[in-house]
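K.L.:
Please see the structure below; I have some questions.
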Amino acid sequence: MIKDEKSAPVLDFRVPNGVLYYGPPGTGKTLLARIMAFEIGAWFEIMSGSAFHEMFVGVGAGRARDLFAKAEKNQPSMIIIDEVDSAAPARASGVQQHQESIGLVNQLLSLLDRIEKEELKILFVGITNRPDMLDPAFLRAGRLDRHIEVPLPGLEGRMAILKIHLTRPKIKPTNFDIDGSDGVMKEIAREIPGFAGADIRNLVNEAAIRAWRNQRNVITIEDFRESVTRVLLGPEKKQKLREEEPKLIAYHEAGHALTAMLLPQTDPVHFITMLPYGRSLGHTRLLPLDEYHITGQTRIFNQIKYILGGRIAEKIIFNELSTGAAGDIKMVTSIARTAVCAYGMSDLGPITIDDPNTYFPSLWSNWMKEEVDKAIKNLISNCEQEAAKLLMENKDRLNKLAEALLASEKKRLLGSELYEMFPDLKRNQAVGN
């Protein structure tokens, strides 16, 4: 027999005493906590975790008691602690900690227990970028019951945030449709994977500043393109190059772009430039076709090949290596190490190797560490050989692309121009893993 839901008894449940918001910086965790307080109509106070700390023992614990006393007087209420990992760091045996810090953690735990025991109408909200730094006692049931991740926004989220900052507090005029019907908003959002809400706000501001500097009252797509480059790499530098350097830079960037265009399962080239930005003397950017949540081995290895393409092009054309690939080498080493040590993409098999920065003893022998080093080196070497073979077979295309970049008035070529030069390479634009 099925009971009528309306006549069923009221379910007995306990409202969570605490909530932990965690995630990367700039994703709006503190803003969400404020909104929650306004939505439920509760009195609230926000404090930074570092505001509890003092040199003298007992001062921080006293501030915590005062804060809870105010919350108890103004029930229903919310206590919001930003950077809560600073107020409640993990206590570890054998690690020397200041007595003030230990006393503060114990006092906060005691006050959290009071919420449940005395059934106070107080909600404790902790906010942190580093949940791993919190004392485990904070995270158990009955204290910070609910753990909510606030991740980086996806493609649709970035488009929505862009629209918010282009319309509030005042509308910023653009020469494209803010609602996204012409596809420009999506193109901008695709160009900024990994940007948090705070980053997007800064990007819109940079685009508005660029429009103002060019004596325009309207923000254009070009303002956004230049602002993305400025945010990622730094401002464009005005510097005089030696006679042979522009050609070297052009071939380096052409090597990156052509390798990416020749390989399957790589994102299409968005643009290449030989203008210096920040510490970089040139730049090649790919534009993701889609959001990737799982990345396959082929895509990762092709990424290493594309990054090494600039260095290989230098060696093919000039028969000499330069310092211009230092950043590329650092990047491919990091990718290869992660592939071997975290993803098990080597002959060592599906094993996890310790983080070299960890403070704990290694789980593996010195022999295994040597094998890991060999696996990383072999992976990079194999990718380099395959990319070199690819560019050698397409040396005419490499020359054509580099010469076009050198001849360009703006010292920049858009992806559409590159694929017009080599229309047969469009088939390599892959959406899959």
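The values are calculated or read from the model by the stated rules, or taken from the named source; none is laboratory data. Model, not experiment: these values are computed from the prediction. For neighbour counting, all protein chains shown are included, and Cβ atoms are generated from backbone atoms with ideal geometry for every residue, glycine included.
K.L.:
Name the single residue, out of those in the range 166-184 being in a helix (DSSP H, G or I) and touching a residue at least 24 places away in the same chain (Cβ under 8 Å), that is nearest to I219 (Cα to Cα). Working first, answer last.
P.N.:
Taking the range 166-184 as the starting set, the residues that turn out to be in a helix (DSSP H, G or I) are 166-167, 184.
Add one more test, that the residue is touching a residue at least 24 places away in the same chain (Cβ under 8 Å), and what stays is 166, 184.
Details: L166: 10, V184: 12 Å.
Looking at the filtered set, the residue picked out is L166.
K.L.:
Filter the range 49-97 down to residues that are out of contact with any helix residue (DSSP H, G or I) (no Cβ under 8 Å at 6 or more places or on another chain), surrounded by 12 or more Cβ atoms within 10 Å (Cβ to Cβ) and assigned to a loop (DSSP other than H, G, I, E, B) and give me whichever is modelled with the lowest pLDDT.
P.N.:
If we filter the range 49-97 for residues that are out of contact with any helix residue (DSSP H, G or I) (no Cβ under 8 Å at 6 or more places or on another chain), which is where we start, we get 62, 66-67, 69-75, 92-97.
Next cut, surrounded by 12 or more Cβ atoms within 10 Å (Cβ to Cβ) only: 62, 67, 70-72, 74, 97.
Of the ones still in play, those that are also assigned to a loop (DSSP other than H, G, I, E, B) are 74, 97.
Numbers: N74: 90, Q97: 58.
Top of the filtered list is Q97.
K.L.:
Out of (1) free of Cβ contacts under 8 Å to residues at least 24 places away in the same chain; (2) of a type outside the set (G, A, S); (3) under 30 Å from R158 (Cβ atoms), what's the single condition that is false for M345?
P.N.:
(1)
K.L.:
Considering every residue within the range 29-36, establish whether at least one is of a type in the set (S, T, Y), in contact with a helix residue (DSSP H, G or I) (Cβ under 8 Å, 6 or more places away or on another chain) and on the phi < 0 side of the Ramachandran plot. Reasoning before the result, please.
P.N.:
Of all residues in the range 29-36, those of a type in the set (S, T, Y) come to 30.
Okay, now just the ones that are also in contact with a helix residue (DSSP H, G or I) (Cβ under 8 Å, 6 or more places away or on another chain), so none.
Scanning the range 29-36, I find no residue that is of a type in the set (S, T, Y), in contact with a helix residue (DSSP H, G or I) (Cβ under 8 Å, 6 or more places away or on another chain) and on the phi < 0 side of the Ramachandran plot, so the answer is no.
K.L.:
Charged (D, E, K, R), modelled with pLDDT under 90 and either outside the structural domain of R34 (by TED's automatic domain parsing) or not in a helix (DSSP H, G or I) (or both): is that true of E187 in this structure? Before the answer, list the steps.
P.N.:
Numbers: charged (D, E, K, R): yes; modelled with pLDDT under 90: yes; either outside the structural domain of R34 (by TED's automatic domain parsing) or not in a helix (DSSP H, G or I) (or both): yes.
Yes; evaluated as a whole, the condition is true for this residue.
K.L.:
Given (1) modelled with pLDDT under 90; (2) closer than 23 Å to D290 by Cα; (3) among the basic types (K, R), identify the lone condition not met by K163.
P.N.:
Evaluating K163 over (1) modelled with pLDDT under 90; (2) closer than 23 Å to D290 by Cα; (3) among the basic types (K, R) leaves (1) as the failure.
K.L.:
Which condition number in (1) free of Cβ contacts under 8 Å to residues at least 12 places away in the same chain; (2) part of a loop (DSSP other than H, G, I, E, B) is the one that N217 fails?
P.N.:
Only one criterion in (1) free of Cβ contacts under 8 Å to residues at least 12 places away in the same chain; (2) part of a loop (DSSP other than H, G, I, E, B) is unmet by N217, namely (1).
K.L.:
How many residues does the range 230-279 contain that are part of a loop (DSSP other than H, G, I, E, B) and farther than 30 Å from P423 by Cβ? Quick ask: steps written out before the conclusion?
P.N.:
Within the range 230-279, the subset part of a loop (DSSP other than H, G, I, E, B) is 234-235, 237-244, 263-265, 267-268, 274-276, 278-279.
From what is left, the residues that are farther than 30 Å from P423 by Cβ are 234-235, 237-244, 276, 278-279.
Of the residues in the range 230-279, 13 are part of a loop (DSSP other than H, G, I, E, B) and farther than 30 Å from P423 by Cβ.
K.L.:
Condition test on L289, is it closer than 22 Å to R225 by Cβ and assigned to a loop (DSSP other than H, G, I, E, B)?
P.N.:
On the way: closer than 22 Å to R225 by Cβ: yes; assigned to a loop (DSSP other than H, G, I, E, B): yes.
So L289 passes the test.
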